[in-house]
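Structure in structure tokens, see below.
The values are calculated or read from the model by the stated rules, or taken from the named source; none is laboratory data. Keep in mind that what you see is a predicted model, and the values were worked out from it rather than measured. Counting neighbours? That spans all protein chains shown, and the Cβs are built from the backbone with ideal geometry, glycine included. For the accessible areas, the whole protein counts, side chains as well, though only heavy atoms, and no ligand, DNA or RNA atoms are used. Shrake-Rupley method; radii C 1.70, N 1.55, O 1.52, S 1.80 Å.
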Amino acid sequence: MLRYTVTRTGLAAVQCAVVLVVVFALTSLLPGDTVDAVLGEQGTPQQAALARAGLGLDRPAAERFVHWLAALCHGDLGRSLVTGMPVTEQIAGRLAATAVLAATALALLVPLALGLGVLTGLREGSAADRGLSAAAIALHAVPEFVLGLLLTAWLSLDLGALPATAAGLMGLDVLTRPAVLILPVTVLVCRQLCDLARQVRIGIAEQRDGPVATHLRLLGVPERTILLRHLLPGTLAPAVQQFARCVDGLLGGTVVVESLFAVGGLGTGFVDAVQDRDMPAVQGYALVFAITAVVVNLCADLAVRGLTPRREGRA
């Protein structure tokens, strides 16, 4: 386990290094820059050249990359070219809203996925299994922004039961009006629930009539004990990997959902930074999303390894 942990952590470090290069390269390839976004068509070439020189955008990409890495080693993501604020402060100010949104979605996602997965797995082939599986596939086929628009049109505009957006609320301010979180959390949960519940269902269905469960039934062990002590632990390893993918999906989904419901989180900040061609901010947000994905997958792999230990040194 120790050798695997060291190897896997080293691989994650390499992935983070690749992420740094890719993030900088991709943001450098974006058409236009902050000067174009600010001056628009009114600026002259001379004004644009002076502005680029003042912001350091006229330096070679390799030189800017080395300067960016050197600052990054000290935890400095640079300053926003639009607001002048440090990017770390800008990201920290928006982190709370995204954290609340993602944590609430995960708190609902895990028990719902386990419950639906166990229910359909134990009744494989039944009407309930077929109905819930069909509903999950149909729901999964609907893009997040379409689902969000449909729910907003129905629950907010038609019935007036829920606020359509969280406009004007930043960070932990969303907790002062919890109702604004219902629609975005519902969209995030519905999208990821299908994948995770299906993974749990497959694991339960495969082990339900396996030799271990059959032997325990012959010994008179109660079904509840078989489920909790033998079937569920056997499904955790693949479910943990799927859970890590769900967390990645939540991070990617927040970009769409936050923009749709005007939640002032990281996703909205990333979209605003791209629109303004604010490269230090774009690089900062992209780096946070990418590093989070690497760390989440590292934790998932270590958890799976712990749940399914193998003898090291043997083929």
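Of the labelled options [x] 24.0, 86; [y] 19.2, 72; [z] 20.5, 72, which one gives Rg and Dmax of the Cα atoms in Å as computed for this structure?
Only one listed value fits the structure, namely [x].
If you don't mind, there's one more thing I want to ask. For segment 194-282, take the convex hull of the Cα atoms, compute a quarter of its surface area, and give me that in nm², please.
Hull-based average projected area comes out at 7.8 nm².
Please give the direction-averaged projected area of the C-alpha convex hull for segment 203-246, in square nanometres with one decimal.
Its average projected convex-hull area is 3.0 nm².
Could I ask something else about it? DSSP H helices in the chain with Cα extent of 30 Å or more along the helix axis and mean Kyte-Doolittle hydropathy at least 1.0?
TM-like helix candidates: 2-29, 87-122, 279-307.
For ARG191, ARG208, ARG8, write out the residues from largest to smallest accessible area, computed with a 1.4 angstrom probe and no ligands counted.
Sorted descending by solvent-accessible area, the residues read ARG191, ARG208, ARG8.
So, one more: Once you list every other residue whose beta carbon is under 12 Å from the beta carbon of ALA244, what net charge do they have if Lys and Arg are +1 and Asp and Glu are -1?
Surrounding charge for ALA244 is -2.
Take the Cα coordinates of segment 130-259, assign each an equal point scatterer, and use the Debye formula without solvent to give log10 I(q)/I(0) at q = 0.12, 0.13, 0.17, 0.20 Å⁻¹.
Each listed q corresponds, in turn, to -0.63, -0.70, -0.93, -1.11.
Give the span of segment 66-120's Cα atoms along each principal axis, as three whole-Å numbers ordered largest to smallest.
55, 23, 15
What does the helix-only formula give at 222 nm for the chain: each DSSP H stretch with n ≥ 4 adding -39500 (n - 2.57), the total divided by the residues, and the result rounded to the nearest 500 deg cm²/dmol?
After summing the helix terms and dividing by residue count, I get -24000 deg cm²/dmol.
Taking the highest mean first, how do the peptides 259-271, 139-151 order by number of other beta carbon atoms within 10 angstrom per residue?
259-271, 139-151
Also, quick follow-up: With springs connecting C-alpha atoms under 10 Å apart, model the chain as a Gaussian network and identify which of GLU89, GLU63, GLU206 has the largest mean-square fluctuation.
For the chain, modelled as a Gaussian network with Cα springs under 10 Å, the answer is GLU63.
Non-local amide H neighbours of ARG79 (under 5 Å, H modeled in plane, Pro and chain starts lacking H): which ones?
For ARG79, the qualifying residues are VAL87.
Would you work out the relative contact order for the chain, in percent, from Cα pairs under 8 angstrom that are 6 or more residues apart?
Relative contact order, the chain: 29 percent.
Net charge near VAL87: determine it from the other residues with C-beta under 12 Å of the C-beta of VAL87, scoring Lys and Arg +1 and Asp and Glu -1.
-1
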